[in-house]
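To start, the structure itself, in structure tokens.
The values are calculated or read from the model by the stated rules, or taken from the named source; none is laboratory data. Remember, predicted model here, so these are calculated numbers, not experimental data. All Cβ positions, glycine included, derive from the backbone under ideal geometry; neighbour counts span all protein chains shown.
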Amino acid sequence: MTSILYEHPLNERIRNYLKLEQLFAQASDCLQYNIVSSHSVFFNALFAILDTLERNDIRGDLIKDLEKLEQSLVIWSQNPDIDSAALEDNLQKTVQLSSKLKVHSALWLQLKADKFLTSLKQRFAIQGGSSLFDLPQLQFWLNQPSAKVEEECRYWLSLLEQIKAALSLNLMFIRQRSAFEEITTDSGFYQDNGEGLILIRIKVPDNYPVYPTISGNRFRYSIRFMMPCNETGRKYSKQATTFHLARC
């Protein structure tokens, strides 16, 4: 039986991490298709990444998390049952990424200085302002040879690669903190202590006509299952529900 995976952050740092992960995926996926038809998604994702980095110290948070991960990996290396090859590989990645983020200036700042991107970003910030009749420079760019257009897109994303790689590594280990366990609730509602947790992950069978809404913080969290409703949009589910939960 296949499931739908839902994730909910319990602090602002993880919220930013998950947001960036999704935005990076959107921008990268656009390069698998014709950029002429997917350019709006690409630039919206790119500009949202830049705004998130500008408003938050993501680089500093990633460095701190990588340092903590390095310490944990060193401790785990003393376990005789550990996969030494996999641990050594992840340890090297952690050290290298941490060093690069510390030594190099924020490469993504070059994107803020790009005049072409700056002119587009101002229009994309306006609802409905990214139409081609308002952006002849974008229409001209989209009609350049496809190889040149794709090369520029990949170059812009390459300036964010260190952030993306550190983000992926940190999230991978955060998600591996806890295995999924089966939970059954009789009323469609579940709550528990959130102390020490930073991420809630929920798997619901895709043939269940419900989805979870999650609220909480580092002290406590609650899960309420909802059902689609034509009249009100959604309604509370009061039926017994079995799902899988990982507390990370």
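If you go through the range 162-175 and keep only what is out of contact with any Asp or Glu (no Cβ under 7 Å at 6 or more places or on another chain) and either of a type in the set (Ser, Thr, Tyr) or touching a residue at least 12 places away in the same chain (Cβ under 8 Å) (or both), you end up with Gln162, Ile163, Lys164, Ala165, Ala166, Ser168, Leu169, Phe173, Ile174, Arg175. Residues that are among the charged types (D, E, K, R) and within 21 Å of the chain's Cα centre (by Cα) within the range 206-244 comprise just one, Arg218. Does any residue of the range 223-237 turn out to be farther than 30 Å from Lys68 by Cα, out of contact with any Ser or Thr (no Cβ under 8 Å at 6 or more places or on another chain) and assigned by TED's automatic domain parsing to the domain that holds Leu120? No - not one qualifying residue is present in the range 223-237. Of the residues making up the range 29-50, those that are farther than 22 Å from Lys112 by Cβ and surrounded by 19 or more Cβ atoms within 10 Å (Cβ to Cβ) number 0. Checking Asn16 against (1) in a helix (DSSP H, G or I); (2) polar (S, T, N, Q); (3) free of Cβ contacts under 8 Å to residues at least 40 places away in the same chain; (4) under 26 Å from Leu197 (Cβ atoms), which test does it fail? The failed condition is (3). Those strands (runs of 3 or more DSSP E) of the range 182-244 in which at least 2 residues are touching a residue at least 12 places away in the same chain (Cβ under 8 Å), considering only elements entirely within it, cover 189-193, 199-205, 211-216, 220-229.
Within the range 65-74, the presence of at least one residue that is more than 30 Å from Glu182 (Cα to Cα), buried (at least 19 other Cβ atoms within 10 Å of the Cβ) and not acidic (Asp, Glu) is confirmed. Flag: Tyr6 does not match the condition of being outside any loop (DSSP other than H, G, I, E, B), of a type in the set (Ser, Thr, Tyr) and buried (at least 18 other Cβ atoms within 10 Å of the Cβ). For Asp61, the requirement of being of a type in the set (Asp, Glu) and either more than 20 Å from Leu159 (Cα to Cα) or surrounded by 15 or more Cβ atoms within 10 Å (Cβ to Cβ) (or both) is met. With respect to being closer than 15 Å to Phe47 by Cα, of a type outside the set (Lys, Arg), in contact with a helix residue (DSSP H, G or I) (Cβ under 9 Å, 6 or more places away or on another chain) and assigned to a helix (DSSP H, G or I), Leu87 falls outside the description.
Cβ-Cβ distances below 9 Å connect the following pairs, each with a first residue in the range 28-57 that is assigned by TED's automatic domain parsing to the domain that holds Asp134 and part of a loop (DSSP other than H, G, I, E, B), a second residue that is surrounded by fewer than 16 Cβ atoms within 10 Å (Cβ to Cβ) and of a type outside the set (Lys, Arg), and a separation of six or more residues or different chains: Leu31/Glu150; Asn34/Ser146; Asn56/Glu12. If the condition is being more than 20 Å from Asn34 (Cβ to Cβ) and without any contact (Cβ under 8 Å) to a residue 24 or more places away in the chain, then the range 115-135 contributes Lys115, Thr118, Ser119, Gln122, Arg123, Ile126, Gln127, Gly128, Gly129, Phe133, Asp134.
As for the range 198-207, it holds at least one residue that is β-branched (Val, Ile, Thr), closer than 24 Å to Ile14 by Cα and in contact with a Cys (Cβ under 9 Å, 6 or more places away or on another chain).
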